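A short worksheet on the structure shown next.
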Amino acid sequence: SNPFLERLISRRPGTRHPGQAQLRRLMGDIGGTNRLERAMLRWLREEGLPRPTTQRTLTSQGRAIARLDFRFADVRVSLEVSGGRGHSSLRARRRHAAMVHAAQHEGEYLVELMADEVFERRPQALGAILTARRDAFERGMFRPGFTPDPTRPFR
């Protein structure tokens, strides 16, 4: 896991340890629970977007209401990626729909992407992500503690 690797690297600071620089580069793409999520992290990095946190639990009144695949730290935008098997049963689709409604009720801007968008239709998916981030930014949907920098263009 990412936290384990970060602790391991922090115990041996410096760059003279073999493989440490490569491990730091590779850590940018870990954190997803499956191949699709790891591909999404790699793609976001390649596009120059900020790295979202992974597998974040959204709570309301101390109760877990949703687990989001990706959550950006600056604006209230989250991403859900689904493969062909992810929500194949009626029960799984109902649970997913309840999670989507709960996240939206909590003020989360949710972008849902399918596997083909991540692997084959990236321009359309990137457009959806950038539109959501820009819209959230213009609406002032910032995460607590985030202050936008007016000198840098928002992407």
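Sorted by average packing, counted as other Cβ atoms within 10 angstrom per residue and highest first, what order do 37-44, 145-152, 62-69 take?
Listed from highest to lowest mean packing, they are 37-44, 62-69, 145-152.
Roughly speaking, to the nearest percent, how much of segment 33-155's 1.4 Å accessible area is carbon and sulfur?
Of the solvent-accessible surface of segment 33-155, carbon and sulfur hold 49 percent.
By its C-alpha gyration tensor, with a ≥ b ≥ c as the square roots of the eigenvalues, how is segment 83-134 shaped: rounded for a/c under 1.5, else prolate for a/b larger than b/c, else oblate?
Working: a/c = 5.26, a/b = 1.19, b/c = 4.43.
Verdict is oblate for segment 83-134.
Hey, what do the phi angles of segment 102-114 turn into as Karplus ³J(HN,Hα) couplings, whole Hz, using 6.51/-1.76/1.60 and θ = phi - 60°, x for Gly and Pro?
Once rounded to whole Hz, the list reads 5, 5, 5, 5, 7, x, 8, 8, 9, 10, 9, 10, 9.
Please compute the volume of the convex hull spanned by the alpha-carbon atoms of segment 36-139 and report it per residue in Å³.
97
The values are calculated or read from the model by the stated rules, or taken from the named source; none is laboratory data. Keep in mind that this is a model prediction, so the values were computed, not measured. Note that we place each Cβ from the backbone using ideal geometry, even for glycine, and neighbour counts take in every protein chain shown. Quick note on the areas: whole protein, heavy atoms, side chains included, nothing else; ligands and nucleic acids left out. Shrake-Rupley method; radii C 1.70, N 1.55, O 1.52, S 1.80 Å.
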